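K.L.:
There's a structure below that I have some questions on.
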Amino acid sequence: MNYRLAYAVGFHPWESAIETPAFVASIERLFDEAEVGRDPPYGSALDLGTGSGIWGVELAKRGWQVTGVDIVEKALGRARDRVDEAGVEMELVRGDVTDLRGAGVDGEYRLVLDTGTYHGLTSEQRAAMAREVDAVAGDEATVLLLAWEPKRRGPLPRGATREELEANFPGWEVTDLGRTNFTAPKPVEILMKPNEHWYRLRRE
Ligand SMILES: C[S@@+](CC[C@H](N)C(=O)[O-])C[C@H]1O[C@@H](n2cnc3c(N)ncnc32)[C@H](O)[C@@H]1O
């Protein structure tokens, strides 16, 4: 998927997830579970492929110290506007998820979120992203990642499975948490059958 072009022409249908109550309920439940038994501030969170910062801003509102990374400057510009509008603190970094440390993104993140980046990467990029996440996630980290089910979809994400995640994240236990309840625009939903699932990863 050419995200630079997509943002340039204003094509970002994934952003309608915030207007999909069933998806919002599913992501909020996962955030609740990552916070259970603790009070804010919850610690550092990394939003991979943050786009216009929708979910990073939601995490910041909840009391996480958030860093958002994206490779597309136009997306980051929109994220800056969203952060300002929300009146929250969120660090925004232009960088590649396959080389987080090269972009200066390092540390021991407690929560790592990926709403739609990993499953659109090539096999090599996925392996590199997994190595980077392993390097910057703390011992107690939770990784929350969504992926479409595998299918050839031309320029759209080809998806991923739990087994493929396990292969890229050795040392992590991968749990399939079931449907995210996101409904893509009708033609995509019918032709591309996203059948999008949440996965939770924790160190074994
Ligand atoms: C499907 S969008 C999701 C955006 C955001 N997470 C959301 O849910 O609104 C995927 C995002 O990943 C970014 N992205 C794709 N490949 C990337 C890479 N190698 N490094 C950093 N960001 C990347 C894109 O620019 C895009 O913003």
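K.L.:
Quick check on the chain: of the DSSP beta bridges with both residues there, what percent are antiparallel, nearest 5%?
P.N.:
Numbers: 13 of 33 bridges.
Beta bridges within the chain, antiparallel portion: roughly 40 percent.
K.L.:
Would you mind ranking 129, 192 so that the residue whose beta carbon has the fewest other beta carbons within 10 Å leads the list? Before the final figure, lay out the partial values.
P.N.:
Details: 129 24, 192 18.
Lowest count first: 192, 129.
K.L.:
Which length gain, in nm to one decimal place, applies between residue 94 and residue 32 when the Cα-Cα distance is subtracted from 0.36 nm times their residue separation?
P.N.:
Details: separation 62, 0.36 × 62 = 22.32 nm, distance 2.82 nm.
That pair, residue 94 and residue 32, stretches by 19.5 nm at full extension.
K.L.:
What FRET efficiency comes out for residue 203 versus residue 183 if R0 is 30 angstrom and r is the Cβ-Cβ distance? Round to the nearest 0.05. List each step's numbers first, then the result.
P.N.:
Working: r = 33 Å, r/R0 = 1.09.
Once rounded, the FRET efficiency stands at 0.35.
K.L.:
Among 34, 98, 16, whose Cα lies farthest out toward the positive end of the dipole of the stretch 3-171, if unit charges sit on the beta carbon of Lys, Arg (+1) and Asp, Glu (-1)?
P.N.:
Of the listed residues, the answer is 16.
K.L.:
So between residue 139 and residue 39, what do we pick up on full extension, going 0.36 nm a residue minus the alpha carbon distance? Don't skip to the end; give the middle numbers.
P.N.:
Values: separation 100, 0.36 × 100 = 36.00 nm, distance 1.94 nm.
Length gained, residue 139 through residue 39: 34.1 nm.
K.L.:
Helix-derived [θ] at 222 nm for the chain: sum -39500 (n - 2.57) over DSSP H runs of at least 4, divide by residue count, nearest 500? Write out the running numbers ahead of the final one.
P.N.:
Details: 7 runs with 72 residues, N = 204.
Value at 222 nm, helices only, nearest 500: -10500 deg cm²/dmol.
K.L.:
Another one. Would the chain count as rounded, prolate or oblate if I go by the C-alpha gyration tensor, calling it rounded below 1.5 in a/c and otherwise prolate when a/b exceeds b/c, oblate otherwise? Each step should come with its number before you reach the end.
P.N.:
On the way: a/c = 1.26, a/b = 1.11, b/c = 1.14.
Since a/c stays below 1.5, the shape of the chain is classed as rounded.
K.L.:
Using the Karplus curve 6.51 cos²θ - 1.76 cosθ + 1.60 with θ = phi - 60°, work out ³J(HN,Hα) for each residue of the stretch 148-165 in order, rounded to whole Hz, and write x for Gly and Pro.
P.N.:
6, 6, x, 5, 6, 9, x, x, 7, x, 8, x, 7, 10, 4, 4, 5, 5
K.L.:
Using Cα positions and a limit of under 30 Å, work out the lysines in reach of residue 151, with same-chain residues fewer than 8 apart set aside.
P.N.:
Hits, sequence-local ones excluded: 74, 186, 193.
K.L.:
Rounded if a/c is under 1.5, else prolate if a/b beats b/c, else oblate: with a ≥ b ≥ c from the C-alpha gyration tensor eigenvalues square-rooted, which is the stretch 40-85?
P.N.:
Values: a/c = 3.04, a/b = 1.66, b/c = 1.84.
Here the stretch 40-85 falls in the oblate category.
K.L.:
Compute the FRET efficiency between residue 25 and residue 123 as 1/(1 + (r/R0)^6), taking r as their Cβ-Cβ distance and R0 = 25 Å, and round to the nearest 0.05.
P.N.:
Working: r = 33 Å, r/R0 = 1.30.
It comes to 0.15.
K.L.:
Still on this model: Set the Förster radius R0 to 25 Å, insert the Cβ-Cβ distance between residue 86 and residue 8 as r into 1/(1 + (r/R0)^6), and round the FRET efficiency to 0.05.
P.N.:
On the way: r = 24 Å, r/R0 = 0.97.
Efficiency computed from Cβ-Cβ geometry: 0.55.
K.L.:
Another question, then. Quick one: Karplus J couplings for the stretch 178-194, per residue in order, coefficients 6.51, -1.76, 1.60, θ = phi - 60°, nearest Hz, x for Gly and Pro?
P.N.:
Values per residue, Gly and Pro as x: x, 4, 7, 6, 7, 10, 6, x, 3, x, 5, 4, 6, 7, 9, 6, x Hz.
K.L.:
Which residue fluctuates the most in the chain, going by a Gaussian network model with Cα springs under 10 Å, if the choices are 143, 97, 24?
P.N.:
With Cα springs under 10 Å in the chain, the top fluctuation among 143, 97, 24 is at 24.
Here, each number is a calculation from the coordinates, and none is a lab measurement. Because the structure is a prediction, the values reported are computed rather than measured. We place every Cβ from the backbone using ideal geometry, glycine too, and count neighbours over all the protein chains shown.
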